[in-house]
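Report on one structure; see the data block that follows.
The values are calculated or read from the model by the stated rules, or taken from the named source; none is laboratory data. These figures come from a predicted structure and were not determined experimentally. Counting neighbours? That spans all protein chains shown, and the Cβs are built from the backbone with ideal geometry, glycine included. Areas reflect the complete protein model, heavy atoms only, side chains present, ligands, DNA and RNA absent. Shrake-Rupley method; radii C 1.70, N 1.55, O 1.52, S 1.80 Å.
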Amino acid sequence: MGDFETEICQYTESIWKSILDLDVHKTVDEYCPIGGENILAGCVHISGEWEGAVSIDCPMDLAKKVASIMFNMTDEEVTPDLIQDALGELTNMTGGNIKSLLPEPCFLSLPAVTMTQHGLRIPGSELVKSVTFQCWGYKFKVSVLKKLKN
Amino acid sequence: MQFLEKEIQKYTHLVCSILLDFEISPLPDSYEMPSAKMFLGSVQITGEWNGAIMLSLPSTLVNTLTEKMFSLESGKASIEEKKDAIGEMVNMIGGNIKALLPQPCALSAPLMALEGDTLHFPSTKMVTHCKFECAGKPFALSLYEQDPS
């Protein structure tokens, strides 16, 4: 099992294309939200033979556009609940694909979505790999975290 | 009576009294939680039963609990220590609640959201919401279950 970079790229590009018909590409510039920016972060936990989490951090404006495409609505029609549902669904699909690479049995949690200015916080976990992607003028990142051994 | 309400009250009391030597008491359903920004900690349960447990505490209580857990002087708790303290609390409560649910179930690592952040669990519904008082400050524990619809 490597650092998941190839798989993160492959699954993210494929999911965003098939679900949203959006072309996203890995970029070397890391997504580092500026202070005060609202970020929407989705997370699914993986439990079992391998324990950790898969998360997607993206700017609120991009999450809103994603929801408007997913639910075929205008930006004005999209509610906060739908924005969270959309990011939760993308996170769930990405996590499900990553889980398929891991030793069985593993279980995928329901997604959790947080609106934050600080990024996701999962105590007791270490970052395995984070890949930043570009979509329109926005950046977002997909990360795999592994639970630290006690 | 809400789903597992008595058990949630029992285990929350147990964790607070054993881990932190703090007595807590349940608050009535009618109690209105303060509108102040809350510190949120959650763990998710996956398997035969799917859902999440979320602890919601005001920052003043987070400081008090963290200082007690790590034997710190007043005002000395770092953000990392606060995350660890609340993560440990919700992990212990979650572990006890998980044991009451259909097996097999797995408990996730804790996920934290700081004051002003929000935390949502799409495709779930809140099935239990218990309010407590600890050291003169209110806090709440909620149980979310996957919504089959």
CD proxy, 222 nm, the protein assembly as shown: helix-only mean residue ellipticity via -39,500 (n - 2.57) per DSSP H run with n ≥ 4, per residue, nearest 500, stands at -10500 deg cm²/dmol
Whole-Hz Karplus couplings 3J(HN,Hα) for segment B:117-130, θ = phi - 60° and coefficients 6.51, -1.76, 1.60, Gly and Pro as x, run 7, 10, 9, 10, 10, x, 6, 10, 10, 6, 9, 9, 9, 10
Over all distinct Cα pairs, what is the inverse of the mean 1/r for the protein assembly as shown, reported as the Kirkwood hydrodynamic radius in Å? 19.7
Per-residue Cβ counts within 10 Å, from other chains only, averaged over B:132-142: what number is that? 0
Treating the beta-carbon of each Lys and Arg as +1 and of each Asp and Glu as -1, no other charges, what is the dipole magnitude of chain A about its Cα centre, to the nearest 20 debye? 420
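Would you mind telling me the share, in percent, of accessible area of segment A:5-147 contributed by carbon and sulfur at probe 1.4 angstrom? List each step's numbers first, then the result.
Numbers: 2880 of 6110 Å².
Of the solvent-accessible surface of segment A:5-147, carbon and sulfur hold 47 percent.
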Which order, highest average first, do A:108-115, B:1-8, B:142-149, A:82-89 follow once you tally other Cβ atoms within 10 Å for each residue and take the mean per peptide? A:108-115, A:82-89, B:142-149, B:1-8
Across all directions of projection, what mean area in square nanometres is found for the Cα convex hull of segment B:12-149? 8.4
Here FRET efficiency (C-beta to C-beta, B:LEU72 to B:SER17, R₀ 22 Å, nearest 0.05) is 0.65
Mind checking which lysines have their Cα closer than 24 Å to the Cα of A:LYS129? Skip sequence neighbours fewer than 8 apart in that chain. A:LYS17, A:LYS26, A:LYS99, A:LYS139, A:LYS141, A:LYS146, A:LYS147, A:LYS149, B:LYS83
Cβ-based charge dipole, the protein assembly as shown, positive-most Cα from A:ASN72, A:GLN117, B:GLY95: B:GLY95
Relative contact order of segment A:5-147 (C-alpha contacts under 8 Å, at least 6 apart) in percent is 35
Here, B:SER149 and B:GLU133, labelled 7 Å along Cα→Cβ, have an inter-label distance in nm of 3.6
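I'm a student and want to see the number: the projected area of the Cα convex hull of chain A, averaged over all directions, in nm².
8.7
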Between A:GLU49 and B:ALA99, the FRET efficiency computed from the C-beta separation at R0 = 22 Å comes out, to the nearest 0.05, as 0.60
Once the Cα gyration tensor of segment B:36-110 is found, what semi-axes does its equivalent ellipsoid get, as square roots of 5 times the eigenvalues, in whole Å, sorted largest first? 27, 12, 8
Rounded to the nearest Å, what's the spacing between the alpha carbon centres of segment B:1-78 and segment B:99-116? Just the number, please. 13
FRET efficiency (A:GLN117, A:ASP23; Cβ distance; R0 30 Å; to 0.05) is 0.55
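Which value, in Å³ per residue, describes the convex hull spanned by the Cα atoms of segment B:16-69?
Enclosed volume per residue, from the Cα hull, is 126 Å³.
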Ignoring ligands, DNA and RNA, what accessible area per residue does segment A:5-147 give at 1.4 Å, in Å²? 43
How many percent of the accessible area of segment B:1-108 is carbon or sulfur, using a 1.4 Å probe? 51
